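Everything below concerns the one structure shown next.
The values are calculated or read from the model by the stated rules, or taken from the named source; none is laboratory data. Quick caveat: nothing in here was measured; it's all calculated off a predicted structure. Here the Cβ is made from the backbone with ideal geometry for all residues, glycine too, and neighbour counts use every protein chain on show. For accessibility, only protein heavy atoms count, side chains too; no ligands or nucleic acids. Shrake-Rupley method; radii C 1.70, N 1.55, O 1.52, S 1.80 Å.
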Amino acid sequence: MNTATARRVALAAALVAAGNVLSRFLGLIREPVIAALFGISGATDAFEVATRLPQLVHELVIGGAVSGVLIPLFSEMAADDRRLARTFSSLITSVGVALIGVTIVMVALAEPLVAAAAPGLPAATRDMAVVMTRITLPAVLFLGLSAVTAARLYARDRFAAPSFAPATLNGTLIVLALALTPAVGPVGVAIGYLAGAGAHLLVQLPALVRDGVRMTVPSWRGNPDTARALRLYLPIAAGLVVAQALVIVDTNLASRTGEGSLAIMRFATRLQQFPLGLIGSAIALAFLPVLARSAPEKVRDLVNAVEFKSALVAAARSAFVLMVPVTVILTALSVPVIRAVYEREAFDAAATDLTGLALLIYAVQLPITVLDQIFIAAYYATRNTLTPVLVGVGGGLAYLIAALALVEPFGVFGLVAANSVQNSLHGVILGWLLWRRLGGFGDSGLWFFGVRVIAAGGLAAAVGLILREWSTLALEPGGLAGWRALIVSGAGIMVVYVAALALLRVPEVPRLARLIRSRLGTRLAN
């Protein structure tokens, strides 16, 4: 990559990361708030079902299209205002009409949908889930329109508003959950979710206006860009049908393993998603426009696409080196992390131990999963939306086999392990196929780089196991002394890891140091 591109990507990654930091930080507040209000109880299970269903619809209709179709498509036409306005108007109108229809139907059918998704829930919990679902389902309209808007802004290198939009959802949900739940009961958190989805869209509208958005009369006939978007999205939609069917199966099986199982999976999942959003999503979204612009039109030319390979390797190396120490922290300190974040009020010590084990199982997959996000972005940038879908179907079959084999002896933890197996296989297979398609990644030192990073992570893990016992003993639920112990332990792991990287001469360390010095120098000069 040239210097200007590298700077633009660095700025984009910084903005996306900053937005993700705020959003995930508020998410870390949101989940303890829900845990304190309801614990691992039927109310939390009901809210989990009520948010899984609208998320399922959102992913099927638009969510998967943002990175797979819309950002690459809008990036191509970013300099052509007329073409961009025509395509944006057609797509956002189509999404709005489709989601209004789907929402009306699903609100009317909320009761049978909840019964089908989570048949193992007790009757009272199921009734609560139906009420919450009818409240949360309209959120898919706001989130769908927001997704199309975000894709346009990303493609025009307007990263700030869409990056910070998720934080508005979490912040709104937290405030309304605390304000309404004492008055109206558990449905207060569902109202907060719906209001947060509306805020997710509204916060992007000023940026859209500043960017000079122009709306035209929607044109579906004779618009090759709209037809192309649909053609590229069809494989993604097929894959999402499979993926969301697996979510329903996962919900169904978890609902049969005892009350609180969905809550355990929810709380552990949110913690492991924090670094994935902060690192994986930030890097993938920042590099996606660059990858899309540098990808050749013809597949056979990928072998000689030097700039594309350079950007891909830079993204993968950065994501991997950042994710390894996070994985060490979340595995070595899984119980102390859960205790610090969640254990208060209705969330007791028994819930901490159960959720801590789930977090440990989820966390071991993170280095491969973060690479998987980069590989998926690379495929989407080359206009290949079919291969990730086919690999996803294979991963889904692996999940079913593992889940059905493990759920009876291990309960909810068997389902957590099956999810980790699915995600890991997806990353390994997709990376291997991408390596073959590109004729190699163009960096002969990748294997040596990986070995050195893993060695540094192993040394940090050994230190983490020692610090785990101290953190567990020192940590008091909700106490500042316990938080200090956890922070010190995490910092100790990071120091050992960075020192090991420096001793092993991993180049990302001096690069990061130079970036920090340059940023500080710029700030001081101003």
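Overview of values
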read-out	value
Scope the range 74-95; condition open to solvent by less than 70 Å² (accessible area, probe 1.4 Å), closer than 17 Å to Arg214 by Cβ and part of a helix (DSSP H, G or I); matching residues	Phe74, Arg83, Leu84, Ala85, Thr87, Phe88, Ser89, Ser90, Leu91, Ile92, Thr93
Spans of helices (runs of 4 or more DSSP H) in the range 149-213 with at least 1 residues in contact (Cβ under 8 Å) with a residue 12 or more places away in the chain, under 29 Å from Leu288 (Cα atoms) and within 19 Å of the chain's Cα centre (by Cα)	160-184, 187-202
First in the range 250-267 and among the β-branched types (Val, Ile, Thr), second anywhere and at pLDDT below 85 and open to solvent by 30 Å² or more (accessible area, probe 1.4 Å), Cβ under 9 Å, 6 or more apart	Thr251/Arg52; Thr257/Gly120; Ile264/Ile40
Subset of the range 368-386 that is hydroxyl-bearing (Ser, Thr, Tyr) and either modelled with pLDDT of 90 or more or within 13 Å of Ala311 (Cβ to Cβ) (or both) - its residue that is nearest to the chain's Cα centre (by Cα)	Thr369
Residues of the range 382-429 classified as part of a helix (DSSP H, G or I), open to solvent by 40 Å² or more (accessible area, probe 1.4 Å), over 21 Å from Val364 (Cβ atoms) and not hydrophobic (A, V, I, L, M, F, W, C), total	1
Odd one out for Ile40, checked against (1) open to solvent by 30 Å² or more (accessible area, probe 1.4 Å); (2) touching a Ser or Thr at 6+ places or on another chain (Cβ under 9 Å); (3) modelled with pLDDT of 80 or more	(3)
Number of the condition not met by Ala190 [criteria: (1) under 29 Å from Leu109 (Cβ atoms); (2) among the small types (Gly, Ala, Ser); (3) out of contact with any Lys or Arg (no Cβ under 9 Å at 6 or more places or on another chain)]	(3)
Residues of the range 202-237 satisfying the condition of being of a type in the set (Gly, Ala, Ser) and at pLDDT 70 or above	Ala207, Gly212, Ala227, Ala229
Matching residues in the range 254-286 - criterion: being open to solvent by 30 Å² or more (accessible area, probe 1.4 Å) and part of a helix (DSSP H, G or I)	Arg270, Gln273, Phe274, Leu278, Ser281, Leu285
Neighbours by Cβ (under 9 Å, 6+ apart or cross-chain): first from the range 369-394, among the β-branched types (Val, Ile, Thr); second outside any helix (DSSP H, G or I)	Thr382/Ala295; Thr382/Pro296; Thr382/Ala305; Thr385/Gly64
Some residue of the range 119-129 being of a type in the set (Asp, Glu) and either in contact with a strand residue (DSSP E or B) (Cβ under 7 Å, 6 or more places away or on another chain) or on the phi < 0 side of the Ramachandran plot (or both)	yes
Test result for Val337, more than 11 Å from Ala268 (Cβ to Cβ), crowded, with 24+ Cβ neighbours inside 10 Å and touching a helix residue (DSSP H, G or I) at 6+ places or on another chain (Cβ under 9 Å)	no
Filtered residues of the range 467-485 (kept if in contact with a helix residue (DSSP H, G or I) (Cβ under 9 Å, 6 or more places away or on another chain) and either modelled with pLDDT of 90 or more or open to solvent by 20 Å² or more (accessible area, probe 1.4 Å) (or both))	Leu467, Arg468, Trp470, Thr472, Leu473, Ala474, Glu476, Pro477, Gly478, Ala481, Trp483, Arg484
Set Leu137, Leu145, Leu153: member being within 26 Å of Arg82 (Cα to Cα) and in contact with a Pro (Cβ under 7 Å, 6 or more places away or on another chain)	Leu153
Subset of the range 326-351 (residues that are touching a residue at least 60 places away in the same chain (Cβ under 8 Å) and either assigned to a loop (DSSP other than H, G, I, E, B) or not aliphatic (A, V, I, L, M) (or both))	Thr327, Thr331, Leu333, Pro336, Arg339, Tyr342, Glu343, Arg344, Glu345, Ala346, Phe347, Asp348
Residue within the range 512-525 that is modelled with pLDDT of 60 or more, on the phi < 0 side of the Ramachandran plot, surrounded by 13 or more Cβ atoms within 10 Å (Cβ to Cβ) and under 27 Å from the mean Cα position of the chain (by Cα) present	no
